Amino acid sequence: MAPSLEVAVDRWHTAVNGGDPDRAAAAVTDPVVVLGPKGAGPISPSDFADWVRRSGIRMRPTSRHPVSDRLMVVEQEATWPQSERPSRVATVFRVNGDRVSAALRQPDLASALELGFICREMAATE
């Protein structure tokens, strides 16, 4: 696993869990590709920062699964201000340098690993 992969993913979690819009915007590329329950696509760092502020989400990493030098799947316990208890989710992260260029949330680890392997194979054939 490339050190920048781990650094970028840690930086993303620190920014999101801190609820700090400026740090959140600095943790991602322009644009950053996102996938979640409300859709998928590229958004700006300021839109990402706004989502962090608005949602109040906190995502505690519970396991890490490197897929390639630029891809990692992280299983997480997600909470929101209205949560009674954490929800288990998993996110496929792609990094570019020291920033997250994609955060693709899936409902479980198996789905995220499958998506991560598909992303790896697609990148290998470019």
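The values are calculated or read from the model by the stated rules, or taken from the named source; none is laboratory data. The structure presented is a predicted model; accordingly, all values stated were derived computationally and were not measured. Note that we place each Cβ from the backbone using ideal geometry, even for glycine, and neighbour counts take in every protein chain shown.
A few points about this structure:
- Residue within region 34-50 that is of a type in the set (Asp, Glu), in contact (Cβ under 8 Å) with a residue 12 or more places away in the chain, more than 21 Å from Ser4 (Cβ to Cβ) and surrounded by fewer than 19 Cβ atoms within 10 Å (Cβ to Cβ) present: yes
- Which listed residue is in contact with an Asp or Glu (Cβ under 8 Å, 6 or more places away or on another chain) and of a type in the set (Ser, Thr, Tyr), from Ser4, Ser83, Ser55, Ser46: Ser4
- Wholly enclosed strands (runs of 3 or more DSSP E) of region 24-125 bearing at least 1 residues of a type in the set (Ser, Thr, Tyr): 28-36, 58-66, 71-79, 87-96, 99-106
- Residue in region 70-82 that is under 19 Å from Leu115 (Cβ atoms), polar (S, T, N, Q) and at pLDDT 95 or above present: yes
- Filtered by the rule that a residue be surrounded by fewer than 16 Cβ atoms within 10 Å (Cβ to Cβ), in contact (Cβ under 8 Å) with a residue 12 or more places away in the chain and of a type in the set (Ser, Thr, Tyr), region 56-99 gives Thr62, Ser63.
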